[in-house]
Each structure stands twice: as C-alpha cells, then as structure tokens.
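The values are calculated or read from the model by the stated rules, or taken from the named source; none is laboratory data. In this text, all values refer to a predicted model and were calculated from it rather than measured experimentally. Glycine gets a Cβ as well: all are built from the backbone with ideal geometry, and neighbour counts include every protein chain shown. The accessibility values were calculated without ligands, DNA or RNA, using every heavy atom of the protein model including side chains. Shrake-Rupley method; radii C 1.70, N 1.55, O 1.52, S 1.80 Å.
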Amino acid sequence: MASHGNEAARATFESKVPPFYYRPTFSDCQLLREQWIRAKYERQEFILVEKQEPYSAGYREGILWKRGRDNGQFLSRKFVLTEREGALKYFNKNDAKEPKAVMKIEHLNATFQPAKIGHPHGLQVTYLKDNSTRNIFIYHEDGKEIVDWFNALRAARFHYLQVAFPGASNADLVPKLSRNYLKEGYMEKTGPKQTEGFRKRWFTMDDRRLMYFKDPLDAFARGEVFIGSKESGYTVLEGLPSSTQGHHWPHGITIVTPDRKFLFTCETELDQREWVAAFQKVVDRPMLPQEYAVEAHFKHKP
C-alpha cells in the first residue's frame with residue numbers, strides 16, 4: 001500500500017475483471033466479499049485470464065446440495081450449465097438421461113440468501129415456468145465453488161443478452177445479469193373480496209413481481225401481484241380502508257391497481273415504512289415496453 005497506493009494496486013489486481021463478474025459492495029454477504037478478495041489477491045484471477053476458466057468457459061457441471069421441494073432436506077444433485085443451450089439443468093441422479101428441471105438463462109436469477117437458507121453459502125435461483133416463478137435453494141461447502149457457479153450464471157446471461165440486444169453497451173447489460181430482492185419479509189394479507197380474515201405470509205418483492213409464500217423456502221409462490229407504474233394507474237397508500245376487519249397487525253398498506261385493491265398489514269411501523277418505500281420505488285419507475293406484456297399476462301391469468 002505504501003509503495004503503490006490504492007489506484008496503482010487496483011490497476012494491477014483488477015486489470016482483467018470480466019464485465020459480468022460480480023463486484024460486491026459493503027451490503028453483500030460475507031461470502032461474496034471474501035471470495036472477491038481471494039480472487040483478486042490470493043488467486044490473482046484478474047491478472048491471469050486462464051484462472052477465469054471456471055466461470056467464463058460457457059459450460060460448467062458439478063454437484064451441488066439442493067433443498068428438496070417436499071421434505072426440506074438438502075440432497076446432492078448434478079447441475080449442468082450450458083450457454084450453447086441457454087439453460088441450467090439439474091439431474092436427480094448422476095447417470096440420469098433426462099434432467100429433472102430445465103431453467104432457461106433468459107428468465108433466470110440468482111441471489112445469495114445465507115440467512116434464509118440457513119447456510120453461509122446458500123444461493124437462491126429463480127426462474128419462470130409458464131410465466132410463474134419457481135425457486136430452488138442450493139449451496140456448496142466450498143465458498144469458491146458456489147461463487148464460481150454464481151458468476152458462471154451471470155456470464156451465461158451476459159452472453160445471452162449480448163445476442164438479444166446487439167447494440168447495448170456493457171453498462172446497459174450488467175445491471176440485468178442478476179438482482180437482489182427489493183424487500184422480503186412477513187406481512188398479513190386478505191383475499192380479493194376482503195371479507196375473509198388476514199393470513200400471515202412471506203412476501204418477496206422481485207422487481208415488479210410481489211410474490212407471497214406460506215413458508216420462505218417454498219418452491220412455488222402461492223400468488224403473485226404485478227405492480228406497475230403510477231402512469232398506468234398504480235398507487236401505494238399507507239393504511240387500510242376504514243371498513244377493513246380481520247387483521248391482527250396494526251400497520252396497513254393498500255396497493256391500488258387498475259383492477260382492484262390489495263390490502264396488507266405489517267407488525268411494526270418500521271416494516272410498514274420499508275415496504276411502502278419499496279413499493280413506491282417501483283410505482284415511480286416508468287414501465288418498459290416488455291413489462292406491459294407481463295402486466296397483460298397477469299390480468300388474464302386464469
């Protein structure tokens with residue numbers, strides 16, 4: 001540090017960071033921050049390009065521990081990522097011919113969730129199936145291994161997006177490679193008629209999709225709500241309509257959409273403020289052309 005200084009050291013040790021490689025911030029989990037430091041200084045991956053093979057080759061296979069959908073146990077499963085096919089697959093047995101699931105890179109997201117999964121290397125992968133969100137929860141005991149998988153997924157998405165949007169710059173594409181959730185936590189909700197009692201559910205705000213689950217580690221959402229922009233008639237309000245009954249938690253939120261109102265309650269005022277801020281952030285953002293197609297699908301869901 002004394003002889004080179006920060007800028008000179010960075011110019012050396014970060015000279016060949018791939019554009020898709022995730023650069024952690026202070027708010028990221030310890031695993032991502034530790035592996036970034038080890039990759040940079042210990043393994044010198046961003047000086048020696050050949051050391052980037054595990055996540056830049058366009059193909060990767062290996063064994064990861066995956067949480068079972070029904071019994072909640074983590075079992076070893078073979079995973080294969082292939083850029084050529086644009087998919088991540090997993091197999092219930094190493095010699096199985098057919099994969100148990102095929103997750104298209106086009107609709108895939110990965111985010112580290114150590115607290116929720118209960119393992120410091122826990123990674124949540126979500127993908128769309130029939131335009132509904134599916135979750136899988138995986139980990140590997142080796143921190144480098146799971147971070148390499150994470151960056152391999154980002155690399156595959158980066159190359160997919162380069163083909164899909166040939167005129168886009170790296171700066172345009174990198175924010176689309178993976179995303180952390182805007183907010184997660186428990187709220188209470190009632191049904192569309194707003195006459196039944198409120199039930200406690202785990203909510204995840206993933207971009208414009210508000211999903212709710214009975215349990216944080218459920219594979220499938222019990223329901224999803226699309227939250228559009230204020231220009232399209234979406235509003236977020238603190239509190240509930242005066243006639244509302246059946247809720248246990250005192251701090252209400254009303255989301256007004258063009259079709260109906262959604263009512264939620266939070267246990268604390270802080271929770272309410274954080275959820276309102278997350279919803280408001282989405283509502284204030286103008287909708288992209290492709291998001292109108294997603295909104296239309298939600299309106300015509302059976």
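Structure notes:
- Condition met for Thr244 (touching a Pro at 6+ places or on another chain (Cβ under 8 Å) and β-branched (Val, Ile, Thr)): no
- Residue count for region 98-127, restricted to those that are part of a helix (DSSP H, G or I) and over 27 Å from Val294 (Cα atoms): 4
- Looking across Glu231, Glu295, Glu188, Glu267, one residue alone is acidic (Asp, Glu) and over 25 Å from the mean Cα position of the chain (by Cα). It is Glu231.
- Residue match in region 212-220 (condition: outside any loop (DSSP other than H, G, I, E, B) and open to solvent by less than 60 Å² (accessible area, probe 1.4 Å)): yes
- Answer residue from region 84-97, given it is in a loop (DSSP other than H, G, I, E, B) and at pLDDT 95 or above and is surrounded by the most Cβ atoms within 10 Å (Cβ to Cβ) among those: Gly86
- Residues of region 228-253 classified as surrounded by 13 or more Cβ atoms within 10 Å (Cβ to Cβ), part of a loop (DSSP other than H, G, I, E, B), of a type outside the set (Gly, Ala, Ser) and in contact with an Asp or Glu (Cβ under 9 Å, 6 or more places away or on another chain), total: 2
- Residue match in region 102-114 (condition: more than 25 Å from Gln30 (Cα to Cα), at pLDDT 95 or above and open to solvent by 40 Å² or more (accessible area, probe 1.4 Å)): yes
- The lone criterion from (1) surrounded by 13 or more Cβ atoms within 10 Å (Cβ to Cβ); (2) in a loop (DSSP other than H, G, I, E, B); (3) of a type in the set (Lys, Arg) left unmet by Lys193 is number (1).
- Restricting region 1-36 to residues that are over 16 Å from Phe150 (Cβ atoms) and at pLDDT 90 or above, the residue that is least open to solvent (accessible area, probe 1.4 Å): Glu14
- Residue in region 37-55 that is open to solvent by 50 Å² or more (accessible area, probe 1.4 Å), closer than 23 Å to Arg157 by Cα and within 24 Å of the chain's Cα centre (by Cα) present: no
- Applying the condition of being of a type in the set (Phe, Trp, Tyr) and either free of Cβ contacts under 8 Å to residues at least 12 places away in the same chain or out of contact with any Asp or Glu (no Cβ under 7 Å at 6 or more places or on another chain) (or both) to region 72-93 and asking which residue is farthest from Leu217 (Cα to Cα) yields Phe91.
- Some residue of region 200-211 being surrounded by fewer than 17 Cβ atoms within 10 Å (Cβ to Cβ) and at pLDDT 95 or above: yes
- Search result, residues across region 254-271 that are open to solvent by less than 20 Å² (accessible area, probe 1.4 Å) and not β-branched (Val, Ile, Thr): Leu263, Phe264, Cys266
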